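Enquirer: Can you read through this structure? Questions will come right after.
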2 protein chains.
Amino acid sequence: MKYAIGIDVGGHNIEAGLVDGDGKLLESRNVKVLDRSPTSVIDQVADLAKELIKLSPEKPLGIGCGVPGIINSAEGLVLKSPNFPKWSEFPVMATISERVGLPVVIDNDANFYALGECWVGAGREYRNMILLTLGTGIGGGIIIDETIFHGDVGFAGEVGHMTIEMSGEECDLGWKGDWENYAASRAFSTLVKLLGDGERNSFLKVNSLDPKNLAPELMAKLAGDGDETALKLWGMFGEFLGTGIASLINILGITTFVIGGGIAESWELFIQGTRKGIARHTYQENIDRLILERAELKDSAGIVGSAYGAFTAFSE
Amino acid sequence: MKYAIGIDVGGHNIEAGLVDGDGKLLESRNVKVLDRSPTSVIDQVADLAKELIKLSPEKPLGIGCGVPGIINSAEGLVLKSPNFPKWSEFPVMATISERVGLPVVIDNDANFYALGECWVGAGREYRNMILLTLGTGIGGGIIIDETIFHGDVGFAGEVGHMTIEMSGEECDLGWKGDWENYAASRAFSTLVKLLGDGERNSFLKVNSLDPKNLAPELMAKLAGDGDETALKLWGMFGEFLGTGIASLINILGITTFVIGGGIAESWELFIQGTRKGIARHTYQENIDRLILERAELKDSAGIVGSAYGAFTAFSE
């Protein structure tokens, strides 16, 4: 059996684990980020890796390390990361590798997450798949032939920024009509404006809601309590989600989607709308072949996917 | 020197040519489609191929045949073609190959066009590129690592059907807000509705225009004559074109675009708007790397690209 180390660096926590060649997570660790400078985080990453190496039945073949942001995986550089602005152009891959004495591959966290789902999660039967994470934005990981697709230098998969409503709302980068305004955490503040005045005002008043702060968890609770307008808004959310998925299908000709992220917990509230949105915007042949799955790996996804990145990069 | 035959089957004409390994078109033929049934077209294709084989200095290594529609290139089948509805599931590749005695590869015509531009046209310096053809719709050919990207079974590249304005106009398939409603031949009928009433009515009246029939050629003529509103509409056209290109960049991380099709003749009228649209919807790093080129191969693109399909498929 071969072993690899998977590390998932987040803005607040670093998760690390030892994973075997069957995708089984043998050991895991979770520490808080002490300081977001590259040297400090790399210290923590190196310490976690060394600890896990000692626990491994044999020397792991390498380390996969996921980082939020846009990564040039081929060169091992972080090109752009809102969470880690100082990491830009820092030799992350080379520095970790030197410190730990193992080969290292770095990539965007959503890309490794996608790879994990394709390896031992909901996408394991498919060679091509797209992972969508529904959270603050819509993250994407495109897997072609069981391999992460990076585009020219690493900017592929920024699917949340595709324009779905050119005359619509701006995203947090100031770009108008982005998909993630309509089908991620801030969606409900956008969607509520599309209701009739009467319905909107009554919905906000009865439930004492701030229209700028309609969190998905709150909206899920209201829908669970049977609020008709909340249910309708989830239907709209689903339809916008599906419309964007149809665009990805039309562009990429890939019909397998695995959906994760916190909002995927409300699957039953939006998935019918999603299927409707897809059906309205693509060919029947694509609809017939459509696979929509919930992500399966949950908390271990980042670690397992990152480890698989190492397996694929460093296995002979 | 090696030789291959490229054939481009259109709804009205079949173009065929003998192409050498440097991409030079040595001989070409053009015949009218007599009857759109698969057997009749394949008779014509086989006759053209046999004629060109006789003219070749040595036996060509194979035939590439482009067909409008959605093609399963791996199996050599036409899955869906509005121009050739009876071709669905007909063994096109196998039948031509049997009739002519050479190996055959078939693909979507825009895919072969893209391949030709990547080989000896405007995309020759790039390994990844996206060809867009601006005509009745927006056709797309996605080239990754100098190879046509097909998606799961051949439905990739239907970029004209991505949703850019969910609340907007329907395309001819009844799908709402498709990109090709805003940046292909029917765009001006859509865009004119976005003008203020006064400007629209005056523009239509002064030029005696039917708002449902604002052909790009006519609009180019008016813009060439200095009509302010026509110039403004071309700017809007460009901006919608650029917004969709930005979405493709955000999804695929590819920043090289080659633009062909009849409307590309009006390049100077829309390209500034296109750059503006792109700049508003993607990262500065992508804008810095952006390459926008006019297609170079013109009339021979289909033949040369199809021949290159044969070179890549059948060279050892």
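Enquirer: Ranked by accessible surface with a 1.4 Å probe, highest first, in what order do B:Met166, B:Met1, B:Met129 come?
Expert: In descending accessible area the options line up as B:Met1, B:Met166, B:Met129.
Enquirer: Please find, in a Gaussian network model of chain A (springs between Cα atoms separated by less than 10 Å), the residue of A:Gly141, A:Gly226, A:Gly261 whose mean-square fluctuation is greatest.
Expert: Residue with maximal mean-square fluctuation among A:Gly141, A:Gly226, A:Gly261: A:Gly226.
Enquirer: Another question about this same structure. What is the interface area between chains A and B, defined as buried accessible area summed over both chains with a 1.4 Å probe, reported in Å² to the nearest 100?
Expert: Its buried surface, counting both partners, is about 3900 Å².
Enquirer: Once you order the gyration tensor axes a ≥ b ≥ c over the Cα atoms, which shape class does the protein assembly as shown get: rounded for a/c under 1.5, otherwise prolate or oblate by comparing a/b with b/c?
Expert: Cα axes put the protein assembly as shown in the oblate bin.
Enquirer: Hey, any idea what the orientation-averaged projected area of the convex hull of the stretch B:250-299's Cα atoms comes to, in nm²? Provide the component values of the computation, followed by the final result.
Expert: Working: hull surface 15.6 nm².
Orientation-averaged projected area of the Cα hull: 3.9 nm².
Enquirer: Could you please put A:Asp8, B:Asp197, B:Asp299 in sequence from largest to smallest accessible area, using a 1.4 Å probe?
Expert: The ranking, largest first, comes out as B:Asp299, B:Asp197, A:Asp8.
Enquirer: Something else about it: What shape does the stretch B:120-170 have by the C-alpha gyration tensor, where a ≥ b ≥ c are the square roots of the eigenvalues, rounded means a/c under 1.5, and otherwise prolate means a/b greater than b/c and oblate the rest?
Expert: Because a/c hits 1.5 or more and a/b exceeds b/c, the stretch B:120-170 counts as prolate.
Enquirer: Take the Cα coordinates of the stretch A:76-159, assign each an equal point scatterer, and use the Debye formula without solvent to give log10 I(q)/I(0) at q = 0.12, 0.19, 0.24 Å⁻¹.
Expert: -0.40, -0.92, -1.16
Enquirer: Next up: Taking the label point as lying 7 angstrom from Cα along the Cα-to-Cβ axis, what are the distances from B:Glu296 to the corresponding position in the remaining copies, in ascending order and in nanometres?
Expert: Once sorted, the set of distances for B:Glu296 reads 4.9 nm.
Enquirer: Please list, by residue number, every one of the trypsin sites (Lys or Arg not before Pro) in the stretch A:53-132 that is coil in DSSP and has at most 16 other beta-carbon atoms within 10 Å.
Expert: Here the trypsin sites (Lys or Arg not before Pro) that fit, given the DSSP loop and packing criteria, are A:Arg124, A:Arg127.
Enquirer: Also, quick follow-up: So what's the back-of-envelope 222 nm ellipticity for the protein assembly as shown, counting only DSSP H runs of four-plus at -39500 (n - 2.57) apiece and dividing by all residues, rounded to 500?
Expert: Helix contribution divided over all residues of the protein assembly as shown: -12000 deg cm²/dmol.
Enquirer: For the stretch A:1-60 and the stretch B:111-152, compute the distance between their C-alpha centroids and round to whole Å.
Expert: First find each Cα centre; the distance between them is then 41 Å.
Enquirer: Another question, if that's okay. Express the accessible area of chain A per residue in Å², computed with a 1.4 Å probe while the remaining protein chains stay in the model. Mind dumping the intermediate values first?
Expert: Numbers: 12380 Å² over 316 residues.
Value returned for chain A: 39 Å² of accessible area per residue.
Enquirer: Right, something else. Note down the Stokes-Einstein diffusion coefficient of the stretch B:10-66 in µm²/s, whole number, using a Kirkwood radius over alpha carbon pairs, 20 °C, and 1.002 mPa s.
Expert: Using the Kirkwood radius from Cα pairs, D works out to 179 µm²/s.
Enquirer: Taking the stretch B:143-214, which trypsin sites (Lys or Arg not before Pro) meet the DSSP loop condition and have no more than 14 other C-beta atoms within 10 Å?
Expert: Those satisfying the criteria are B:Lys212.
Enquirer: Distance cut-off 25 Å, Cα to Cα: go down the list B:Lys2/B:Lys54; B:Lys80/B:Lys176; A:Lys176/A:Lys205; A:Lys24/A:Lys54; A:Lys212/B:Lys176 and report the pairs above it. Let's see the in-between values first.
Expert: Working: B:Lys2/B:Lys54 15 Å; B:Lys80/B:Lys176 21 Å; A:Lys176/A:Lys205 29 Å; A:Lys24/A:Lys54 18 Å; A:Lys212/B:Lys176 28 Å.
Going by Cα-Cα distance, A:Lys176/A:Lys205; A:Lys212/B:Lys176 fall outside the 25 Å limit.
Enquirer: At what distance in angstrom do the alpha carbon centres of the stretch A:190-231 and the stretch B:191-267 lie from each other?
Expert: 39
Enquirer: To one decimal in nm, how far is A:Glu199 from the same spot in the other copies, if labels go 7 Å from Cα toward Cβ? Please give the shortest first.
Expert: Label point to label point, same position, other copies: 3.3 nm.
Enquirer: A further question on this structure: Per the Cauchy relation, a quarter of the hull surface: what is the mean projected area of the convex hull of the alpha carbons in chain A, in nm²?
Expert: For chain A, the mean projected area of the Cα convex hull comes to 16.7 nm².
Enquirer: Another question, then. Taking Cα atoms of the stretch B:130-198, Rg/Rh with Kirkwood Rh, to two decimals?
Expert: Checking Rg against Rh, the ratio lands at 1.08.
Enquirer: Taking the inverse of the average 1/r across all pairs of different Cα atoms in the stretch B:231-316, what Kirkwood radius in Å do you get?
Expert: On the way: mean 1/r = 0.0703 Å⁻¹.
Over the stretch B:231-316, the inverse of the mean reciprocal pair distance is 14.2 Å.
Enquirer: Moving on to the next point. If you wrap a convex hull around the C-alpha atoms of the stretch A:1-122 and split its volume per residue, what is the figure in Å³?
Expert: Taking the convex hull of the Cα positions in the stretch A:1-122, it is 94 Å³ per residue.
Enquirer: Now for a separate question. May I ask you to give the percent of accessible area on the protein assembly as shown that is carbon plus sulfur, with a probe radius of 1.4 Å?
Expert: 48
Enquirer: A further question follows. Just to confirm the numbers: A:Asn213, label point 7 angstrom along the Cα-Cβ line, distances to the other copies in nm, shortest first?
Expert: For A:Asn213, the other copies' label points sit at 5.8 nm, shortest first.
Enquirer: Excluding residues on the same chain fewer than 8 positions from B:Lys276, give the aspartates and glutamates whose Cα lies under 14 Å from its Cα.
Expert: Partners within reach: B:Glu239, B:Glu268, B:Asp288.
Enquirer: Another question, if that's okay. Between B:Gly140, B:Gly198, B:Gly123, where does the largest GNM mean-square fluctuation fall for chain B, given springs only between Cα atoms within less than 10 Å?
Expert: B:Gly198
Enquirer: Students sometimes get this wrong: rank B:Ser315, A:Ser56 by accessible area, probe 1.4 Å, all chains present, largest first. Walk me through the numbers on the way to the answer.
Expert: Values: B:Ser315 60, A:Ser56 15 Å².
Result of the area sort, largest leading: B:Ser315, A:Ser56.
Enquirer: Now for a separate question. For the stretch B:138-257, what D do you get in µm² per second when you plug the Kirkwood radius from alpha-carbon pairs into Stokes-Einstein at 4 °C and 1.567 mPa s?
Expert: For the chosen part, D equals 83 µm²/s.
The values are calculated or read from the model by the stated rules, or taken from the named source; none is laboratory data. Keep in mind it's a predicted model, so treat the numbers as computed, not measured. Cβ: placed from backbone, ideal geometry, glycine included. Neighbour counts: every protein chain shown. Quick note on the areas: whole protein, heavy atoms, side chains included, nothing else; ligands and nucleic acids left out. Shrake-Rupley method; radii C 1.70, N 1.55, O 1.52, S 1.80 Å.
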